[in-house]
Amino acid sequence: PVLQIYGTSMTPTLSEGNIVLSLKTTQFESGDVIAFYYNNKILVKRVIAHPGEWVDIDEDGSVYVNNVELDEPYIDGKAFGDCNITLPYQVPESRLFVMGDHRNVSVDSRSSTIGCVAEEQIVGKIVFRVWPLTQFGYVN
């Protein structure tokens, strides 16, 4: 599917108005950017952890998966953000823990409102930006 980005939860990786291509797949790696259905909308976030893995976030916003701090070159700044889950948190079976790149504005798996993403909600992996032309290329 071709998708247009709305909002700022994925800046600086993706900006409002970007048009991206997604690839239908069931294989996701940590760090992949995915699109998924939530309340008749499509949200775009980054995969942080897989089923059975433990996620922890310290007060500074550093993210740990299975007690190993993530190297996150795609974020501009760390933030604890909107988090009302009990940490450390174990990702449930058949679900993915996702977070936006703009941590202080993103509502994502840190909030029980969104929670972890079920496989059947996933539209696909965001692989390519086609607009604006000045940013044409693969999405990392």
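Given bins 10 angstrom wide, list per bin the percent of all Cα-Cα distances in the chain, short to long.
Bin by bin from 0 Å, the calculated values are 12, 47, 34, 7, 0.
Per residue, what volume in Å³ does the Cα convex hull of the range 86-140 take up? Intermediate values should be presented prior to the final figure.
Working: hull volume 6.5 nm³, N = 55.
Here the figure is 119 Å³ per residue.
Which of the three applies to the range 73-113, rounded, prolate or oblate, going by the alpha-carbon gyration tensor with a ≥ b ≥ c and a/c under 1.5 meaning rounded? Walk me through the numbers before you get to the answer.
Values: a/c = 2.09, a/b = 1.59, b/c = 1.32.
Note, shape of the range 73-113 comes out prolate.
With every protein chain left in place, what is the accessible area per residue of the range 65-140 in square angstrom, probe 1.4 Å?
55
Which value in Å does the Kirkwood hydrodynamic radius of the range 53-101 take, with 1/r averaged over all unlike C-alpha pairs and then inverted? Can you show the working numbers first?
Working: mean 1/r = 0.0869 Å⁻¹.
With all distinct Cα pairs of the range 53-101 included, I get 11.5 Å.
I want the local charge near residue 95. Using Cβ-Cβ distances under 11 Å, sum +1 for each Lys or Arg and -1 for each Asp or Glu among the other residues.
-4
Too long at a 20 Å Cα-Cα cut-off: which of 24/45; 24/78; 41/78?
24/78; 41/78
Starting from the Cα of residue 23, move 7 Å in the Cα-to-Cβ direction to define the label point; list residues of the range 112-140 whose amide nitrogen is under 19 Å from there.
Within reach of a label on residue 23: 122-131, 136-140.
Can you find, among 136, 31, 92, the residue sitting farthest towards the positive end of the charge dipole of the chain, where Lys and Arg contribute +1 and Asp and Glu -1 at Cβ?
Going by the Cα projections, it comes out as 136.
Any idea which of 70, 6, 104 is furthest toward the positive side of the dipole for the chain, if Lys and Arg beta-carbons carry +1 and Asp and Glu beta-carbons -1?
It is 6, whose Cα lies furthest towards the positive end.
Roughly how many percent of the accessible protein surface of the chain is carbon and sulfur, given a 1.4 Å probe and a whole-percent answer?
Values: 3750 of 7490 Å².
Carbon with sulfur: 50 percent of the solvent-accessible area.
At 1.4 Å probe size, put 125, 24 in order of accessible surface, largest to smallest.
On the way: 125 60, 24 145 Å².
Correct descending sequence by accessible area is 24, 125.
The values are calculated or read from the model by the stated rules, or taken from the named source; none is laboratory data. Note that the coordinates shown come from a computational prediction; the quantities given were computed from them, not determined experimentally. Methodologically, a virtual Cβ is constructed for each residue, glycine included, from the backbone with ideal geometry; neighbour enumeration extends over all protein chains shown. Ligands, DNA and RNA are excluded from the accessible area calculation, which covers all protein heavy atoms including side chains. Shrake-Rupley method; radii C 1.70, N 1.55, O 1.52, S 1.80 Å.
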